[in-house]
Ligand SMILES: [Zn+2]
């Protein structure tokens, strides 16, 4: 089975912009991750319409898919216009009983299963006369991941949201295409172990955990990446791309240590800060924290620190200062 993944926009065509984000970069980031997940887990031949930041026309995108003889086509976009939520499209000329509509339902179900975690609304399954849907010879879907110019942008900057959406796209497309599981799945990198927030500019991203490794590109604030491994003070940002974890320019929020040792120290800068029984504002308040208290942190999850024995505080830089333990 053959799949084409189409990251919307690229090059001089930035797509929608908002909150310091450009659609073309987000679509490429998600599309590459979907490709990696689906290739590692299923028997499928995947082609991307682009793998770098280049401009390609809509007709080039559909000719790539048509000449490849794809069985399915997914175009990934980010929405704009000030709304909120997720929606997907098939060609407006198709009936609700078409194969494309059935596949849309399958992909849609997979994606909307992750939305409640982020309180993101389901805007539904839709139809439109978009060129990439109309001109593709195979069943096709176009997904609008969230809005770049509303508060959804916070999610688009959350690496865990990008990962969850990419996993959902891969799962949904695999199910829609009826792909067979890989008999011997390619060893995937284990799940992410933390988040690296880039605080500085011109930080070298290298091919290995050493200053003698080749520089791939530069990292700049406010970029943010999932971390997949550590080696001698270096962090693997996935696919063998390493950055040195210097706290002066990298904030490393580690999900936890296997031996249960602390990941860092939390200093309380404000007053009346809620300490809760779980990483959520709906979890019960245990007590209030006040400056100048200071606590060991044992885990980080979805924006919250675990201060031990399931006592959680939200990481708002306005009233929390975090110091990661150095290796
Ligand atoms: Zn778009």
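Is it the case that some residue within segment 91-103 is touching a helix residue (DSSP H, G or I) at 6+ places or on another chain (Cβ under 6 Å), away from the ligand (no atom under 16 Å from the Cβ) and assigned to a helix (DSSP H, G or I)?
So far as segment 91-103 goes, yes, one or more of its residues are touching a helix residue (DSSP H, G or I) at 6+ places or on another chain (Cβ under 6 Å), away from the ligand (no atom under 16 Å from the Cβ) and assigned to a helix (DSSP H, G or I).
Condition first: buried (at least 20 other Cβ atoms within 10 Å of the Cβ) and away from the ligand (no atom under 16 Å from the Cβ). Now tell me which residues in segment 1-10 satisfy that.
3, 4
Might you let me know whether segment 35-58 holds any residue that is within 16 Å of the ligand (Cβ to nearest atom), modelled with pLDDT of 95 or more, surrounded by 21 or more Cβ atoms within 10 Å (Cβ to Cβ) and not in a loop (DSSP other than H, G, I, E, B)?
no
Could you list, in sequence order, the residues of segment 131-141 that are within 14 Å of the ligand (Cβ to nearest atom) and surrounded by fewer than 23 Cβ atoms within 10 Å (Cβ to Cβ)?
The one that is within 14 Å of the ligand (Cβ to nearest atom) and surrounded by fewer than 23 Cβ atoms within 10 Å (Cβ to Cβ): 131.
Filter segment 1-10 down to the residues that are within 14 Å of residue 144 (Cα to Cα) and part of a loop (DSSP other than H, G, I, E, B) and list them by number.
Selection gives 8, 9.
For the list (1) in contact with a helix residue (DSSP H, G or I) (Cβ under 9 Å, 6 or more places away or on another chain); (2) loosely packed, with under 15 Cβ neighbours inside 10 Å, I need the number of the one condition that residue 238 fails.
(2)
So is residue 81 within 16 Å of the ligand (Cβ to nearest atom), crowded, with 22+ Cβ neighbours inside 10 Å, at pLDDT 95 or above and assigned by TED's automatic domain parsing to the domain that holds residue 159 or not?
No; evaluated as a whole, the condition is false for this residue.
Going through segment 11-34 one residue at a time, which ones are within 14 Å of the ligand (Cβ to nearest atom), assigned to a loop (DSSP other than H, G, I, E, B) and under 16 Å from residue 156 (Cβ atoms)?
14, 15, 16
Which one of these is out of contact with any strand residue (DSSP E or B) (no Cβ under 7 Å at 6 or more places or on another chain) and within 22 Å of residue 138 (Cβ to Cβ): 64, 5, 37?
37
The values are calculated or read from the model by the stated rules, or taken from the named source; none is laboratory data. Since the structure is predicted, the reported quantities are computational estimates derived from the model, not experimental observations. Note that each Cβ is placed from the backbone with ideal geometry, even for glycine, and that neighbours are counted across all protein chains shown.
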